[in-house]
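To start, the structure itself, in structure tokens.
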Amino acid sequence: MKHIDDSYRSRTHIVVIGDLFSYQIQEHRFDVVVSRVLDNIDTMLNNHALMDTLFGGDGIDSYDRIVMFKSIFDVKKIKCLIYEKQKEAMHVGIINIMKEILDDLVSVCHGATSIIEDQILLDTYRIILHEVTVDEVDDLWIKLNTFDVRFLYQLDDKILGFILPKACIKAHDLMIAKMLNIGLIEDIPIKPFEQDIRADAPYHMNDLNVYMEVAGNRHIKRINHSFYKGIFYHSEYDIILKGLMISDEEIYHMYSTLFSEVGHTPILMKIPTFTDHFNLMIDHTLKTEVNQFSFSHLGLKNWISGLAKAIQRYHPHLVFIIPQLNSKHDLDFWDHEINVLFMHLKHDYQVGMTIETEAALQYCEDFEKLEPAILLLDELMSEYSDKQNNKHIFHGELRFLIDDLKDAHTIFRLKQIKSHIISGEVLKDKNTLRKLINMGFKEFALTIDQLCDASTVFEKWEKSRGKYSKKKS
């Protein structure tokens, strides 16, 4: 059975761009690009939650500031300014011209306009990256001189990754790119990256369940959903990588694609997880922690609205996953927040949790009503060990973690029977995965990058259990 549909492109090549800032678009595509740029600006101007956040809440002063801002950044006016400089734009690049125009507009408008300019330019960079793929049949690696991790938002799935100067590749960006299954490399890869996402498993798994762990929907059409028990979905990437504030229509279209493609396959949607290092551009103080998080926050208004519209149309099988629970006392806070969420969605849904702290693992019995429980091994390893970036869980320093995992597995298997799923980068190691299976764990959330290696482990285990069956011809 195929995990990924591999009937699409079979070749890969490199497109060298260098500086996106001065990228010259094809003349016959100029009108299309300008139209997309203006559509993005119009969407931003009509993003009421964004306007309220940037220019104040209620009151006549706030209303006047918003009206003034919209008059200065009028779409028709910007369109005229762009076409006045069309010849120059074809020579020096449309982003250069857009920056000149926006600089002039910002100079006469006070307030939060500089971050508006940054967002418009960021959206234009994304449009240019899409233009690179328009006439391409094959998958691409794109070589750039500069990079912003927000380029990865809704990236065309023809783009396998970026070849960058070493100074442009940051550890945090690598982590985000890995979750999105996008490569960031210094040199040309020896083995084409796309081979990792075309794993075949010519066997039927009788006793193991695999969940596809994803962020964004960029590979969702390639996935063979009949193989997976469900999708473990990281929703914060949809919100944060957009930049300033995503609109409800963008969220609606994003989740419409997700829900229509997966059908009734369960989607374990993790509540947006904001941390010190991965947070909202408009409010760095919002954290997904007790007493610091709120679904009433303006930064989440559009996410909830777009999600609700997509749910009402497609009626997906959704399970919301609460992250970063520590104790039973946290449940009172999250019960309230979940009620706020369900009030907006006008529907009741199953609620599960992640187990990512020592306290949550040792007191897992306190969360009886939450199912499934997703055990995040990377976070647990950091909790139990002073050493950072451990790649292997089975060594002396983590023996207490192994003991607690065994206890939790026994509780979930015999006392509080519930689905409990293992997730983590550590599952990339075949020996670790096999040992966890031998311990009795039967459910795993895997990224596309982990899938190829895991498939061989699953097949060998199924054979050794005497449950291996050839795929019927």
(message) Quick test for you: out of ARG434, ARG413, ARG399, pick the one residue that is more than 26 Å from GLU289 (Cα to Cα), touching a Gly at 6+ places or on another chain (Cβ under 9 Å) and open to solvent by 20 Å² or more (accessible area, probe 1.4 Å).
(response) ARG413
(request) Considering only region 343-364, state which residues are more than 22 Å from ALA408 (Cα to Cα) and under 22 Å from the mean Cα position of the chain (by Cα). (result) LEU345, TYR349
(request) Note down all Cβ pairs under 8 Å where the first residue falls in region 19-46 and is β-branched (Val, Ile, Thr), the second is open to solvent by 60 Å² or more (accessible area, probe 1.4 Å), and they're at least six residues apart or on different chains. (result) VAL34/LYS79; VAL34/TYR83; THR43/GLU249
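Every residue, every condition in (1) open to solvent by 30 Å² or more (accessible area, probe 1.4 Å); (2) modelled with pLDDT of 90 or more; (3) not hydroxyl-bearing (Ser, Thr, Tyr), yes or no:
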| site | (1), (2), (3) |
| --- | --- |
| ILE116 | no, no, yes |
| LEU122 | no, yes, yes |
| ILE127 | no, yes, yes |
| GLU136 | yes, no, yes |
| VAL149 | no, yes, yes |
| TYR153 | no, yes, no |
(request) Provide a single number: the residues in region 292-308 that are without any contact (Cβ under 8 Å) to a residue 40 or more places away in the chain and open to solvent by 50 Å² or more (accessible area, probe 1.4 Å). (result) 1
(message) Among (1) in a helix (DSSP H, G or I); (2) among the β-branched types (Val, Ile, Thr); (3) more than 27 Å from THR53 (Cα to Cα), there is one condition ILE321 misses while meeting the rest; what is its number?
(response) (1)
(request) Please work out if ILE322 is surrounded by 20 or more Cβ atoms within 10 Å (Cβ to Cβ), in contact with a helix residue (DSSP H, G or I) (Cβ under 8 Å, 6 or more places away or on another chain) and closer than 14 Å to PRO272 by Cβ. (result) yes
(message) Would you confirm whether or not region 213-224 contains a residue that is touching a Leu at 6+ places or on another chain (Cβ under 6 Å), surrounded by 20 or more Cβ atoms within 10 Å (Cβ to Cβ), polar (S, T, N, Q) and under 21 Å from ASP148 (Cα atoms)?
(response) yes
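Only residues that are in a helix (DSSP H, G or I) and in contact with a helix residue (DSSP H, G or I) (Cβ under 6 Å, 6 or more places away or on another chain): list them for region 327-361, please.
Within region 327-361, HIS344, LEU345, GLU358, LEU361 meet the criteria.
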(message) I'd like the full set of residues that are in a strand (DSSP E or B) and within 22 Å of ILE271 (Cβ to Cβ), limited to region 207-261.
(response) TYR211, MET212, GLU213, VAL214, GLY230, ILE231, PHE232, TYR233, HIS234
(request) Just one of (1) touching a Gly at 6+ places or on another chain (Cβ under 7 Å); (2) within 30 Å of LEU244 (Cα to Cα); (3) polar (S, T, N, Q) trips up SER294, so point out which. (result) (1)
(request) Please note which helices (runs of 4 or more DSSP H) are completely contained in region 25-105 and include at least 3 residues that are β-branched (Val, Ile, Thr). (result) 30-45, 60-72, 75-84
(request) Can you work out which of the residues in region 268-291 that are farther than 11 Å from ILE240 by Cβ and hydroxyl-bearing (Ser, Thr, Tyr) is least open to solvent (accessible area, probe 1.4 Å)? (result) THR288
(message) For the structure I just gave you, tell me whether HIS253 is open to solvent by 20 Å² or more (accessible area, probe 1.4 Å) and at pLDDT 90 or above.
(response) yes
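The values are calculated or read from the model by the stated rules, or taken from the named source; none is laboratory data. It should be emphasised that the depicted structure is a prediction, and the values quoted were computed from it without experimental measurement. Using ideal geometry, Cβ is built from the backbone for each residue, glycine included, and neighbour counts are taken over all protein chains shown. Just so you know, the surface numbers come from the protein's heavy atoms only, side chains and all, with ligands and any DNA or RNA stripped out. Shrake-Rupley method; radii C 1.70, N 1.55, O 1.52, S 1.80 Å.
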